[in-house]
Amino acid sequence: MKISVSIKRFCFVGSILLLSGCAMNPVTGRKQFVLISEAQEIAMGKESDPQVIAFFGLYDNPTLQKFITEKGLEMAAVSHRPNLNYEFKIVDSPVINAFAVPGGYVYFTRGIMAQFNNEAEFAGVLGHEIGHITARHSVIQQRNAFLGQIGIIAGVILVPELARFVDPLSYGMQLALMSFGRDAERQSDKLGVEYSSRIGYDASEMAGFFETLERQQAASGTQEVPEFLSTHPSPEERQTTVEELAITWKDKLKLTNAKINRDSYLKRIDGMIVGEDPRNGFVENGVFFLPTLKILFPIPVG
Ligand SMILES: [Zn+2]
């Protein structure tokens, strides 16, 4: 009670100071203080999308692109924000990652597409990413970044040499690579279970994907945690939560024959390039080949 009064007051003062105000969060239904309207949010996504595509490149596989678009639109229609114009794209990167940009843009790398064992695992992650958009996580994060940036900008103005360290990546890429924090990730996992269940998938399969990621990480022997995991709750916690929630949603929706679709998914990703794409250049017997530009030159020893 007390809290809601102070939020209202903060929002009111905030509106006057920053010409923006409170908006209802589409997922929680609660009022929150945001600096960005829905129209601005959509404009941010429109501006970022070409930057993201320029950075990674689109993965050249029309059948798989069509598949994620169809599943994405089906899921967006049952989400908390069905009216946004969503776009779903596979980018040409070997890294295992998926990310979302405000306004309705969702990206999967070809690296993550090759790691799913079935459609249900894919659907869980798809729901997670749509969840970041429907719960407006980037917009909230943007507000926090903005409030922090006032400090940075003040610092830059005082110490001009610092300016070159600010903004090393384009604005669109910063949005795409933004991390949301654990609470937002937990909320997105929840939404991932809900949305994938609502389109008939077995959401408990998403837990299996966390296991794959862990195994992958252990096998590679690197300390480097994939971006998808680094700011997220521990995989064990996520597995337990997802399994429990999946049961709740199966009951709620009376989902008796939840889809997993293993064989059809594996057929879809059959022949996919795993790791670096040789078309981007490779070295063999001391010679560097760049097939796309028909270039080859010897690499000097050492
Ligand atoms: Zn996430």
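The values are calculated or read from the model by the stated rules, or taken from the named source; none is laboratory data. Everything numeric here is computed off the predicted structure, so don't read it as measured data. Quick reminder, even Gly has a Cβ in these numbers, built from the backbone with ideal geometry, and neighbours come from all protein chains shown.
Filter the stretch 259-277 down to the residues that are more than 16 Å from Val91 (Cα to Cα) and exposed (fewer than 13 other Cβ atoms within 10 Å of the Cβ), then identify the one that is modelled with the lowest pLDDT. Steps first, answer last, please.
Filtering the stretch 259-277 for residues more than 16 Å from Val91 (Cα to Cα) gives 259-268, 270-271.
After this cut, where a residue has to be exposed (fewer than 13 other Cβ atoms within 10 Å of the Cβ) as well, the list is 263-264, 267, 270-271.
Numbers: Asp263: 95, Ser264: 94, Lys267: 94, Asp270: 90, Gly271: 84.
Ranking the candidates gives Gly271 first.
Let's see how each residue does on (1) of a type outside the set (Asp, Glu); (2) under 24 Å from Asp202 (Cβ atoms):
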{"position": "Ile90", "(1), (2)": "yes, yes"}
{"position": "Val101", "(1), (2)": "yes, no"}
{"position": "Phe108", "(1), (2)": "yes, yes"}
{"position": "Glu129", "(1), (2)": "no, yes"}
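When the residues of the stretch 99-116 are filtered to those that are aliphatic (A, V, I, L, M) and in contact with a Leu (Cβ under 8 Å, 6 or more places away or on another chain), the one that is surrounded by the fewest Cβ atoms within 10 Å (Cβ to Cβ) is Met113. Candidates in the stretch 233-257 are the residues that are in a loop (DSSP other than H, G, I, E, B) and surrounded by fewer than 13 Cβ atoms within 10 Å (Cβ to Cβ); of these, the one that is nearest to the chain's Cα centre (by Cα) is Ser234. Looking only at residues in the stretch 95-116 that are aliphatic (A, V, I, L, M) and assigned to a strand (DSSP E or B), the one that is modelled with the highest pLDDT is Val106.
Looking at the stretch 111-121, can you tell me whether even one residue there is on the phi > 0 side of the Ramachandran plot and more than 12 Å from the ligand (Cβ to nearest atom)? Within the stretch 111-121 (the criterion being on the phi > 0 side of the Ramachandran plot and more than 12 Å from the ligand (Cβ to nearest atom)), the answer is no, since none of the residues qualifies.
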